[in-house]
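Chemist: Dropping the structure in here first, questions after.
The values are calculated or read from the model by the stated rules, or taken from the named source; none is laboratory data. This is a predicted model, so every value here is computed, not measured. Here the Cβ positions follow ideal geometry from the backbone for every residue, glycine too, while neighbour counts run over all protein chains shown. With ligands, DNA and RNA removed, areas are computed over all heavy atoms of the protein, side chains included. Shrake-Rupley method; radii C 1.70, N 1.55, O 1.52, S 1.80 Å.
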Amino acid sequence: MLNTMRLIAALMLSLCAVALGVPARTGAQEPPDVVVNQLDAAAYPELSAIVTAIDARGVPKPGLTAADFRAFEADAPVAITGVTAAQDASVPLSVILVVDVSGSMAGAPIEAARAAATQFVASLAPADQAALYSFSSTVNVVVPLTADRSQLNAGIAGLQAFGPTALYQAVEASVFAAVQAPGGRKAIVLLSDGKNDSAGSTSTAPASIVAARAAGVPVFGVGLGDPDDAYLQLLADETQGAYQRASTGGLGDVYGRIATLLRSQYIVTMRATGAADGAEAVLRIEATLDGLSVSSPPTAFTRGVPGVVPTAVPTRGTVAQPDASGGSGGGANIVLIGVLAVVAAAVLLTGGTFYMRWVAAREAVAQQEATVAPNPRLAAAQPVPQPDAAMIIDPVHGAGRLVIVDGMGAGDVVLFSSQPLVLGADARSGIRITRSSEVASKHAQVWMKVGKIMLRHLAGTARQTNVNGKPVEWVILDEGDVIAIGESRLRAEVVGPHPA
């Protein structure tokens, strides 16, 4: 419930910003900013952070040194032991390029996306690597992580637009891929021109945000056409990335700014005074920019636990500006908070009922997932299932099988693992069901998750997927449960291996 409440709060702030007409960053209209994009606390009390510093024009600030930075764990000062420009330190970047290729991208949008992605690849340093993912109804690994520019460019040139938009699944797939990338600097650049509308997606908005937050990799979202601004902004806030809308003609400029920002990051090393005791802590980094002391949003971490990734509080950094009495000027902030509270109340009164119903439905899904994946870091560490490849039994999620009791293929046994298996009348389905008015082309799907069999109904309200005689939408199956679709009945069994 805590994650959902955080998402509600963050989304309400996003709605308030929209209602107040708060613009995206446009140069001098916003104060300087400092963002901790990544934080490594595995060797605590030694800490290492990837930091972005933006000046009042919205441009990455070059030439900063250790004298320009200060760090604090809670309120206790943390010693800065070094500050180096990432490129000067020869720390390579691993970036996952994610491109929406749904049908609405056809024509000028997909051409602009190809040109912008090609331009971005050309901007990478020789040691940098990139991967190319595309998504429409499903997520495809077009080019795995590589430094081969010709392979990346060929993959970009072959992108074609068709189908719906599996946005949430694309986010999960890309953050999982980023976790698997070599250590060092990492980033995800995600382009989307619409809202999630794929019935075949195995993810939800809350689940994808939780996975992205746990991965600790900044997501730089680019919205084209009619994107889901609230979701993409929340995704950027939760991962310490950024989100920006773009026109078709301006897409190359937006990608260019992201590339410039990634080339301008700093590596800040620090030494704290606490013990590597596994306790939760919060880090904040300040920098002097344009004569102002600018603070990053606080970043939570766990002292000395390998593989731990940050969970950033979804708020912008603040600027400490002395007032006449020598303190920090907070009057404007108080007024702004009051205005936000009024707007939030109005939003809740007018549209809150609908939104809370949506949250309740999503929470039900999240609670079911939490029973089989209580550790989002474990989930984030799993490899992305490869489409079109022979089934590999995932050592964490295990394997299951469906025994066809009645209907087409009676007596057959079909194995599956963490890659979803589609049940339906379509000839490409993993299990074919005799076509009828009761059976959709893609009727349902099953997959394994940490030793449990997941089932999701895909055929809408006009048709049913029954489990043990009762209609279901999304369910965790027990051993021996019987699925009924049309004239077919299938028995679910876990065959392992999976954790005890």
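Chemist: Checking Ala212 against (1) part of a strand (DSSP E or B); (2) touching a helix residue (DSSP H, G or I) at 6+ places or on another chain (Cβ under 6 Å); (3) open to solvent by less than 20 Å² (accessible area, probe 1.4 Å), which single condition isn't satisfied?
Modeler: With respect to (1) part of a strand (DSSP E or B); (2) touching a helix residue (DSSP H, G or I) at 6+ places or on another chain (Cβ under 6 Å); (3) open to solvent by less than 20 Å² (accessible area, probe 1.4 Å), Ala212 is out only on (1).
Chemist: Is it true that Arg377 is in a helix (DSSP H, G or I), of a type in the set (Lys, Arg) and either in contact with an Asp or Glu (Cβ under 9 Å, 6 or more places away or on another chain) or at pLDDT below 90 (or both)?
Modeler: yes
Chemist: Also: All but one of (1) free of Cβ contacts under 8 Å to residues at least 40 places away in the same chain; (2) within 23 Å of Tyr243 (Cα to Cα); (3) touching a helix residue (DSSP H, G or I) at 6+ places or on another chain (Cβ under 8 Å) hold for Val143; state the number of the condition that does not hold.
Modeler: Evaluating Val143 over (1) free of Cβ contacts under 8 Å to residues at least 40 places away in the same chain; (2) within 23 Å of Tyr243 (Cα to Cα); (3) touching a helix residue (DSSP H, G or I) at 6+ places or on another chain (Cβ under 8 Å) leaves (2) as the failure.
Chemist: Looking for something surrounded by fewer than 20 Cβ atoms within 10 Å (Cβ to Cβ) and in contact with a helix residue (DSSP H, G or I) (Cβ under 8 Å, 6 or more places away or on another chain) - is there at least one such residue anywhere in region 418-439?
Modeler: No, region 418-439 contains no residue that is surrounded by fewer than 20 Cβ atoms within 10 Å (Cβ to Cβ) and in contact with a helix residue (DSSP H, G or I) (Cβ under 8 Å, 6 or more places away or on another chain).
Chemist: Among the residues of region 282-300, are any open to solvent by 10 Å² or more (accessible area, probe 1.4 Å) and free of Cβ contacts under 8 Å to residues at least 12 places away in the same chain?
Modeler: Yes, the conditions are met somewhere in region 282-300.
Chemist: Then there is this: I'm told Ser418 meets every condition in (1) part of a strand (DSSP E or B); (2) among the small types (Gly, Ala, Ser); (3) in contact with a Pro (Cβ under 7 Å, 6 or more places away or on another chain) except one. Can you identify the failing condition by its number?
Modeler: (1)
Chemist: Further, regarding this structure: So which residues in region 258-306 are outside any strand (DSSP E or B) and closer than 17 Å to Ala86 by Cα, if there are any at all? Steps first, please.
Modeler: Pass one, region 258-306, residues outside any strand (DSSP E or B): 258-265, 272-279, 290-291, 296-298, 303-306.
Within region 258-306, Ile258, Ala259, Thr260, Leu261, Leu262, Arg263, Ser264, Gln265 qualify.
Chemist: Output the residues belonging to region 472-492 that are open to solvent by 30 Å² or more (accessible area, probe 1.4 Å) and part of a loop (DSSP other than H, G, I, E, B).
Modeler: Glu473, Asp478, Glu479, Gly480, Gly486, Glu487
Chemist: Now, a different point. Please specify each residue of region 229-254 satisfying the condition of being polar (S, T, N, Q), in a loop (DSSP other than H, G, I, E, B) and modelled with pLDDT of 90 or more.
Modeler: Answer for region 229-254, where residues must be polar (S, T, N, Q), in a loop (DSSP other than H, G, I, E, B) and modelled with pLDDT of 90 or more: Ser247, Thr248.
Chemist: Report yes if Val98 is over 22 Å from the mean Cα position of the chain (by Cα), of a type in the set (Val, Ile, Thr) and open to solvent by less than 20 Å² (accessible area, probe 1.4 Å), otherwise no.
Modeler: No: the conditions fail for Val98.
Chemist: Considering only region 223-249, state which residues are touching a residue at least 60 places away in the same chain (Cβ under 8 Å) and open to solvent by less than 20 Å² (accessible area, probe 1.4 Å).
Modeler: Scanning region 223-249 gives Leu224, Tyr231, Leu234, Leu235, Glu238, Thr239, Gln240.
Chemist: Of all residues in region 452-500, count the ones that are within 19 Å of Val413 (Cβ to Cβ) and in contact with a Pro (Cβ under 8 Å, 6 or more places away or on another chain).
Modeler: Matching residues across region 452-500 total 1.
Chemist: Follow-up. Test Leu152 against the criterion of being farther than 24 Å from Val36 by Cβ, of a type outside the set (Gly, Ala, Ser) and crowded, with 19+ Cβ neighbours inside 10 Å, and give yes or no.
Modeler: Numbers: farther than 24 Å from Val36 by Cβ: yes; of a type outside the set (Gly, Ala, Ser): yes; crowded, with 19+ Cβ neighbours inside 10 Å: yes.
Against the criterion (farther than 24 Å from Val36 by Cβ, of a type outside the set (Gly, Ala, Ser) and crowded, with 19+ Cβ neighbours inside 10 Å), Leu152 qualifies.
Chemist: Further question on the same structure: Of all the strands (runs of 3 or more DSSP E) wholly in region 41-90, which have at least 1 residues that are within 17 Å of Ser293 (Cα to Cα) and open to solvent by 20 Å² or more (accessible area, probe 1.4 Å)?
Modeler: Strands (runs of 3 or more DSSP E) meeting the threshold: 69-73, 76-85.
Chemist: For Ser203, which of the numbered conditions (1) at pLDDT 90 or above; (2) closer than 19 Å to Gly241 by Cβ; (3) not in a helix (DSSP H, G or I) fails to hold?
Modeler: Condition not satisfied by Ser203: (1).
Chemist: Out of curiosity, is Val217 under 27 Å from Ala106 (Cβ atoms), open to solvent by less than 50 Å² (accessible area, probe 1.4 Å) and either outside any loop (DSSP other than H, G, I, E, B) or at pLDDT below 95 (or both)? Even if it seems obvious, please write down each step before you answer.
Modeler: On the way: under 27 Å from Ala106 (Cβ atoms): no; open to solvent by less than 50 Å² (accessible area, probe 1.4 Å): yes; either outside any loop (DSSP other than H, G, I, E, B) or at pLDDT below 95 (or both): yes.
The answer is no for Val217.
Chemist: Could you list, in sequence order, all residues of region 122-149 that are crowded, with 16+ Cβ neighbours inside 10 Å and either among the charged types (D, E, K, R) or farther than 29 Å from Asp197 by Cβ (or both)?
Modeler: Leu124, Asp128, Gln129 - these are the residues of region 122-149 that are crowded, with 16+ Cβ neighbours inside 10 Å and either among the charged types (D, E, K, R) or farther than 29 Å from Asp197 by Cβ (or both).
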